[in-house]
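Colleague: One structure follows; several queries about it will come next.
Nothing in this text is a laboratory measurement; each read-out follows from the coordinates by a stated rule. All values reported here derive from a predicted model rather than from experimental measurement.
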């Protein structure tokens, strides 16, 4: 079992929500993958799913049901266009909401995009001991979310608290 000076690596699934992106041009998803690997985590899966409520729920539900996936980070589908449906798709899957995630994300993004941040529907939640964070689709928004919140909150060494103890990561690392 790790102590406070050792990182507990998380198995993280990365989901890009887009009707137009592919692995070749998914800069936001690739940014998240690169940051996760640099931080010592494992990318358990990476998928691109079109902005469809039921396809998003199906993919995320599969990851939530997998005890070896400790966290999910999605990018895209959090705005106000007609196709943006990530909150509607994923919020019903949450056992608990992480209200502070969306609040802090919008606070941090105010410096970058001004009052346009009110149109961000970034959100977070927990489901079956899996922490889920939904970021906007721009690479800048992913950078804001990673550097300002996720890097520390997915790090088992961050004090006074982080999300690692609320996941199945400790049990998976003991197997």
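Colleague: Length gain on complete extension for the stretch residue 152 to residue 83, per 0.36 nm per residue less the alpha carbon to alpha carbon distance?
Modeller: Stretched out fully, the residue 152 to residue 83 stretch lengthens by 21.7 nm.
Colleague: Enter the angle in degrees (range 0 to 90, nearest 10) between the Cα long axis of helix 53-65 and the first principal axis of the Cα atoms of the chain, meaning the one along which they spread out most.
Modeller: 0 degrees
Colleague: Translational diffusion coefficient of region 1-77 at 25 °C, 0.890 mPa s, Stokes-Einstein with Kirkwood Rh over Cα pairs, in µm²/s as a whole number. Intermediate results must be reported in sequence, preceding the final value.
Modeller: On the way: Rh = 13.2 Å.
Translational diffusion coefficient: 186 µm²/s.
Colleague: Continuing with this model, one more query. Which value results for Rg/Rh of region 37-139 when Rg is the Cα radius of gyration and Rh the Kirkwood radius based on the inverse mean 1/r? Working shown, then result.
Modeller: Values: Rg = 13.6 Å, Rh = 14.2 Å.
Taking Rh as the inverse mean 1/r over Cα pairs, Rg/Rh reads 0.96.
Colleague: With runs of 4+ DSSP H residues as the only contributors, calculate the mean residue ellipticity of the chain at 222 nm using -39,500 (n - 2.57) per run, divided by the residue total and rounded to the nearest 500.
Modeller: Working: 6 runs with 58 residues, N = 175.
Theoretical 222 nm ellipticity from helices: -9500 deg cm²/dmol.
Colleague: Could you calculate the contour length gain from residue 42 to residue 25, that is, 0.36 nm times the residue separation minus the distance between their Cα atoms, to one decimal place in nm? The partial results should precede the final answer.
Modeller: On the way: separation 17, 0.36 × 17 = 6.12 nm, distance 2.16 nm.
Full extension of this stretch gives 4.0 nm more.
Colleague: Hey, another quick one. For the chain, report the translational diffusion coefficient in µm²/s to the nearest whole number, using Stokes-Einstein at 10 °C, 1.306 mPa s, and a Kirkwood Rh over Cα pairs. Before the final figure, lay out the partial values.
Modeller: Numbers: Rh = 16.0 Å.
Value of D from the Cα-based Kirkwood radius: 99 µm²/s.
Colleague: Taking every pair of alpha-carbon atoms in region 106-175, what share in percent sits in each 10 Å bin, from 0 to the bin with the longest distance?
Modeller: 18, 44, 28, 9, 1
Colleague: Expressed in nm to one decimal, what extension gain is obtained for the pair residue 97 and residue 110 from 0.36 nm per residue of sequence separation less their Cα-Cα distance?
Modeller: Once the chain is fully extended between residue 97 and residue 110, it gains 2.5 nm.
Colleague: Relative to the first principal axis of the alpha-carbon coordinates of the chain, what is the inclination of helix 99-113, with its axis defined by its Cα atoms, in degrees from 0 to 90 and to the nearest 10?
Modeller: So the helix axis and the longest Cα principal axis differ by about 60 degrees.
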